[in-house]
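The values are calculated or read from the model by the stated rules, or taken from the named source; none is laboratory data. Treat the numbers as computed from the prediction; the structure is a model and nothing was measured. Glycine also receives a Cβ, built like all others from the backbone with ideal geometry; neighbour counts cover every protein chain displayed. Ligands, DNA and RNA are stripped out before the accessible areas are found, and what is left, the full protein with its side chains, is counted by its heavy atoms. Shrake-Rupley method; radii C 1.70, N 1.55, O 1.52, S 1.80 Å.
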Amino acid sequence: FVMRDSGAVLTLTTEEVFDELPAGRGRVVALDDPLTRMQLDAVSSDTPEVGLSEAQLAYVMYTSGSTGRPKGVAVTHGGLANYVGWASGLYGPGGAPLHSSLAFDLTVTSVLVPLVSGGAVVVSREGGAEGLARVLETHSGFGLAKVVPAHLPLLGEHLADASGAARTWVVGGEALPGGVVLDWLERAPESVVVNEYGPTETVVGCAVFEVRAGDEVADAVPIGRPVANTRLYVLDSNLQPAPVGVAGELYVAGAQLARGYAGRPDLTSERFVACPFEAGGRMYRTGDLARWASDGRLEFLGRADEQVKVRGFRIEPGEVQAALAAHPQVARAAVIAREDTPGDVRLVGYVVADDDDTAELPDSVTRFASARLPDYMVPSAITVLDELPLTVNGKLDRKALPAPEVITGSGRAPASEQEKLLCEAFAEVLGLDSVGVDDDFFALGGHSLLAVRAISQIRAVLGVELPLKVLLAAPTPAELSQQLGKHKSSARPALRPMRNQEES
């Protein structure tokens, strides 16, 4: 797709992947082929004069393939130079490890920033957190290391001593949990962690917030202040500035804006819009939600397109995730909306424990979240994982998160026909194979709307009209069975034919 979309006329590669490239997409040359080497050696070594302006393309980087057709972000030399010049000044001299593909813009920081400062780039052959750990074990004293949030806890597990690995840890790509930063600074108190925010469309990083040992850190680290020659706007739906403390969509203007999307004028005009605050200027619509704090710091609130609607309530999964991550036994957390049963969307939480005692953790996390969130924001299930699944770039792989496992029927068998029918009614409504007499309707994923269906099902099979508050107070078949006798007289009368007006 990239070769077709880019219209490449010449591709330089190696023999190792030569046969994997599609035919008919321009000329493909393997640099390690002997004949190609001879041809290259015959070329004059005279360096041609190349005219270069800041508006010309530096690279095209493809992104967001997981949400549809990949789009090529056309980054200019002017935008790239602004970022590299600013970053080299803030992060200072020194080398950096390279542990991810050059197709991921995290590597712009890892490669170009140290090189313009005279530093070395040490390449990891394996890549990922383990490959990075091996580089850090054999090469210490880096000026910076660029990682995603998930890398820090993984490095903490792989590195025996993280204190002298790097002076500055630049973290980007996803929201940065405060607990992750605090844990890292305990391991490496002499280092500084920089939360660097920026979509690919704004050249790697357009806002930063620094954290040092001893600093107070919120559950979610702010994204801070804009970098040089960059402006950040938090706007409402009318493109008017949102007041301090009020959420809005984040827009970015300034020197680092990309030209747009290569060959996609429709998408470019949708995301790169006129800036109402700068005559003739443009701004990029990030799709991210943010708000200004009273001290002038910018706080990231999640993606506008990640907002989900569950039982009529609009929910930001990031807010729920922060509540789960605050549990003292939780090292990392993720929250998504799942529709494992058609028409039944539920919030599901995934947690990684910071110790081996996980038997009671799901119930403990649920109680913890219930004390801090309204009922509709509490996940219907909590699943404990050894690690959160990650993509090759170290971001959360939401598609790889497993469906929650529901364990039912661990108690005694039904002691009466009434209990048996209630168990079957619960199972029917919850979409489960079976339900035990001591299983809690709400612990199995039930909620207020399903509770109404359960009341209707009980009425159909037992002929009893129960108020909803009875199920809330007696949520197991065993408890509910004891309440049925108190409400038999309230069953609805049977339907009977009536004469219409014409017959009277």
Express the accessible area of the chain per residue in Å², computed with a 1.4 Å probe while the remaining protein chains stay in the model.
52 Å²
Between Glu306 and Gln240, take the C-beta separation as r, use R0 = 25 Å, and let me know the FRET efficiency to the nearest 0.05.
0.60
Estimated inter-spin distance, Leu267 and Ala403, nm [label 7 Å along Cα→Cβ]:
3.2 nm
Segment 183-203-segment 87-143 distance, computed between alpha-carbon centres (Å)
14 Å
Karplus-derived 3J(HN,Hα) from phi for segment 96-107 (6.51 cos²θ - 1.76 cosθ + 1.60, θ = phi - 60°), whole Hz, x at Gly and Pro, runs 8, x, 10, 9, 9, 5, 5, 7, 9, 6, 3, 6
Give me, ordered by chain and number, the residues 5 or more places off Thr11 or on other chains with an amide H under 5 Å from its own placed amide H.
Arg27, Val28, Val29
Table column - 3J(HN,Hα) (Hz), segment 203-213, Karplus curve with 6.51, -1.76, 1.60, x for Gly and Pro:
6, 6, x, 10, 8, 9, 9, 9, 10, 10, 4
Specify the inter-centroid distance of segment 326-388 and segment 242-287, based on alpha-carbon positions, in whole Å.
35 Å
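From the helices alone, meaning DSSP H stretches of at least four residues, give me the mean residue ellipticity at 222 nm for the chain, per-run term -39500 (n - 2.57), in deg cm²/dmol to the nearest 500. Walk me through the numbers before you get to the answer.
Values: 15 runs with 142 residues, N = 504.
For the chain, the value works out to -8000 deg cm²/dmol.
Rounded to the nearest 0.05, what FRET efficiency do Ser101 and Ala443 have when you use their Cβ-Cβ distance and R0 = 41 Å?
Working: r = 43 Å, r/R0 = 1.06.
For Ser101 and Ala443, the calculated efficiency is 0.40.
Give me the Kirkwood hydrodynamic radius of segment 183-261 in Å, from all C-alpha pairs, to one decimal place?
Details: mean 1/r = 0.0697 Å⁻¹.
Computed over Cα pairs of segment 183-261, the Kirkwood hydrodynamic radius comes out at 14.3 Å.
May I ask you to compute the full-extension gain from Gln56 to Asp19, defined as 0.36 nm times their residue separation minus their alpha-carbon distance, rounded to one decimal in nm?
Values: separation 37, 0.36 × 37 = 13.32 nm, distance 3.23 nm.
The span from Gln56 to Asp19 would gain 10.1 nm if fully extended.
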Separation in nanometres of the label points that stand 7 Å from Cα toward Cβ, at Thr391 and Val29
3.3 nm
Per-residue HN-Hα couplings for segment 177-185, Karplus 6.51 cos²θ - 1.76 cosθ + 1.60 at θ = phi - 60°, whole Hz, x for Gly and Pro?
x, x, x, 5, 5, 4, 4, 5, 5
Against the empirical 2.2 N^0.38 Å scaling, what ratio does the C-alpha Rg of segment 167-214 come to?
1.16
If each residue of separation counts as 0.36 nm, what is the full-extension length gain between Val116 and Glu428 once their alpha-carbon separation is subtracted?
105.8 nm
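What FRET efficiency do you get for Ala473 and Tyr376 if R0 is 22 Å and r is their Cβ-Cβ distance, rounded to the nearest 0.05? List each step's numbers first, then the result.
Numbers: r = 19 Å, r/R0 = 0.89.
Here the calculated transfer efficiency is 0.65.
Give, rounded to the nearest 20 debye, the magnitude of the charge dipole that the chain has about its Cα centre when Lys and Arg contribute +1 at Cβ and Asp and Glu contribute -1 at Cβ. Each step should come with its number before you reach the end.
On the way: 43 positive and 65 negative charges, 341 e Å.
Roughly 1640 debye for the chain.
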Any idea what the relative contact order of segment 172-305 is, in percent, if you count C-alpha pairs under 8 Å spaced at least 6 apart?
22 percent
5 angstrom amide H check on Asp340, placed H, neighbours 5+ away:
Arg346
Taking H placed 1.01 Å from N in the peptide plane, check which residues at least 5 places from Phe441 or on another chain put their amide H under 5 Å from its amide H.
Thr476
Starting from 0.36 nm per residue, how many nanometres of slack lie between Glu126 and Arg367 once their C-alpha separation is accounted for?
82.6 nm
What is the log10 of I(q)/I(0) for the chain, computed with the Debye formula using one identical point scatterer on each Cα and no solvent, at q = 0.10, 0.11 Å⁻¹?
-0.91, -1.03
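Using a probe of 1.4 angstrom, how much of the accessible area of the chain is carbon and sulfur, in percent? Before the final figure, lay out the partial values.
Details: 13460 of 26350 Å².
C and S fraction of accessible area: 51 percent.
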